[in-house]
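Notes follow the structure.
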Amino acid sequence: MNAFQEPTRRTLFEKIWDQHIVMPRPTGPSLLYIDRHIIHEGSFHAFKDLRARGLSIRNPKQVFGVADHYVPTTSRDPNDAVTQEIKEVILKFDDNMNWSGAHYFSINDPQQGIVHVVGPEQGISLPGSIITCSDSHTSTHGAMGAMAFGVGQSESMHIMATQTLWQTKPLQMRIELTGKPAAGVGGKDIILAVIAKLGVAGAVGYAIEYAGSALQWLSLDERLTMCNMTIEAGARSGLIAADDLVFDYVYGRKFAPQGAAWDQALQVWRQLPSDEGCHFDQTLSIDVTRLSPMITWGTTPDTGVAIDGVIPDPSLLTDPHARQAALAALTYMALTPGTILSTIKIDRVFIGSCTNSRLSDLRLAADILRGRRAVVPGIVVAGSMLIKQAAEAEGLDKVFQAAGLEWREPGCSMCVGINGDLALANERVASTSNRNFVGRQGPGVRTHLVSPAMAAAAAVTGHFTDVRTLMGQQ
Ligand code: SF4
């Protein structure tokens with residue numbers, strides 16, 4: 001660069017990307033170095049391939065196995081798996097992880113949890129790093145100032161064997177969040193509003209960086225929730241520049257740098273935020289002050305609407321494909337246009353998943369449930385053993401149980417139901433998870449995505465309820 005050239009202004013994402021290029025290509029994918037790779041029980045395909053080729057894990061210190069998708073939430077015993085087949089998957093993971101020499105958070109580990117909860121909690125997810133995981137919601141870790149994305153099992157095998165991956169650089173989108181969210185409105189409501197605005201394919205080919213004054217009002221847990229669901233708008237990654245909130249959280253965690261290495265890392269991390277005036281391919285601004293608690297009515301996560309509204313009318317849609325899809329969603333969900341959302345009755349509640357199972361999520365739900373009784377069945381599943389322990393130390397388990405909800409062991413549970421935690425056909429579920437697809441929580445099950453506070457409000461009234469009407473009334 002000569003004295004007259006402007007230095008290149010880069011986004012946070014571009015800085016991380018550039019630092020990790022092993023083999024650049026001017027067009028098409030580049031080979032990237034992967035700092036940390038997280039896997040779960042579904043990795044048996046990748047291990048089978050790896051072992052069949054006579055390969056081993058190139059750097060076991062950078063691979064982390066977490067048992068979460070298939071594990072029972074009724075106990076910590078694989079014998080309680082809902083089927084023999086599921087038990088064998090859990091045991092196969094034990095076998096593969098013991099063979100691999102990589103770090104392992106087994107079903108019995110006191111630090112076990114959901115992959116995207118354990119990552120930040122253990123200091124595995126660090127600012128400026130590239131994190132991959134064989135689960136689509138890996139974007140969660142972007143809240144730590146990292147570049148994080150989900151991979152398939154063949155890519156997972158490639159990473160385990162080489163610690164690298166070919167990737168095409170996505171375009172850059174900046175979403176500016178301004179204002180201060182009202183009481184009862186949080187990260188889950190904001191991300192549901194973002195996805196509703198973008199649509200499920202609105203961010204395909206992009207990495208989204210969240211910025212703006214509203215972030216100061218959001219906890220790290222809420223930022224994790226937002227980055228978690230970013231992929232529901234089609235984005236490859238969602239990320240937020242790391243600040244003191246993140247640095248304070250990461251400091252001293254098991255897999256974070258220690259001593260002098262910490263000071264060096266911090267110096268590097270403080271240089272990572274997007275440069276003033278850098279180029280974004282698309283920008284969007286949302287004033288969160290105007291948002292209400294959100295609820296999805298359809299079978300895709302972009303069907304979020306404010307709780308004080310009604311079921312929208314598909315006949316008003318001009319695009320015939322969108323109209324057809326909305327009609328099909330309403331039929332599956334057994335809903336009619338114009339129905340007031342707060343009159344819709346529910347059958348079951350699920351509070352958990354990597355979207356909303358952290359301590360602050362459980363506190364928000366408990367604040368509504370304290371001194372009240374749920375009128376529908378439901379389960380509360382902490383995101384990790386450490387969160388479960390912390391919640392129990394605060395007596396939150398007692399609040400949930402006194403309200404009539406089950407307090408379970410950590411795992412993915414009803415987010416995806418692989419472990420057998422499912423609702424019954426035709427049941428309507430208020431769920432804090434991230435996907436409301438047809439059959440996601442069981443054949444014929446109707447899933448509505450909401451925040452933990454909104455799920456708790458629905459539990460005690462039996463119908464969707466604006467949580468603001470219950471706040472501070474006990
Ligand atoms: S809770 Fe759901 S989205 Fe999260 S890791 Fe488990 S299956 Fe994936």
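Any read-out appearing in this document is the output of simple, stated calculations on the displayed coordinates, not a laboratory observation. Just so we're clear, the structure is a prediction, and the values are computed from it rather than from any experiment. Please note: Cβ atoms are built from the backbone with ideal geometry, for glycine as well, and neighbour counts cover all protein chains shown.
Some observations on this one:
- For the pair residue 197 and residue 426, label points projected 7 Å from Cα toward Cβ lie 4.0 nm apart.
- Extension gain for residue 82 to residue 171 (0.36 nm times residue separation, less C-alpha to C-alpha distance): 27.8 nm.
- Burial order of peptide ranges 285-291, 299-305, 198-204, 445-451 (average beta-carbon count within 10 Å, highest first): 445-451, 299-305, 198-204, 285-291
- Binned Cα-Cα distance frequencies in the range 97-170 - 10 Å width, integer %: 18, 49, 30, 3
- Once you reduce the range 317-377 and the range 247-277 to the center of their Cα atoms, the two points are 38 Å from each other.
- Mean separation of Cα contacts under 8 Å (6+ apart) over length of the range 294-469, as relative contact order %: 28 percent
- Values of log10 I(q)/I(0), in the order q = 0.05, 0.11, 0.14 Å⁻¹, for the chain under a Debye, Cα-only, solvent-free model: -0.17, -0.88, -1.42
- Range in the chain, longest, excluding exposed GluC sites (Glu not before Pro) [loop by DSSP; at most 15 other beta-carbon atoms within 10 Å]: 1-275
- Inter-label distance, residue 394 to residue 276: 3.9 nm, where each label sits 7 Å from its Cα along the C-beta direction.
- The C-alpha radius of gyration of the range 303-448, expressed as a fraction of 2.2 N^0.38 Å, stands at 1.14.
- The share of Cα pairs per 10 Å bin across the range 255-331, counted from zero up to the longest distance, runs 14, 24, 20, 19, 16, 8, 0 percent.
- Point-to-point label distance, residue 204-residue 25, nm (Cα→Cβ direction, 7 Å offset): 2.1 nm
- Dividing the alpha-carbon radius of gyration of the range 12-169 by the rule-of-thumb value 2.2 N^0.38 Å gives 1.04.
- Straight-distance candidates among the lysines for linking to residue 87, with alpha-carbon spacing under 19 Å and chain neighbours fewer than 8 residues away dropped: 48.
- Relative contact order %, the chain, counting alpha carbon pairs below 8 Å whose residues are six or more apart: 17 percent
- Bridging of residue 388 to lysines at a Cα separation below 17 Å is possible for 398, once same-chain residues fewer than 8 apart are set aside.
- Helical contribution to [θ] at 222 nm, DSSP H n ≥ 4, -39,500 (n - 2.57), averaged over the chain, rounded to 500: -9000 deg cm²/dmol
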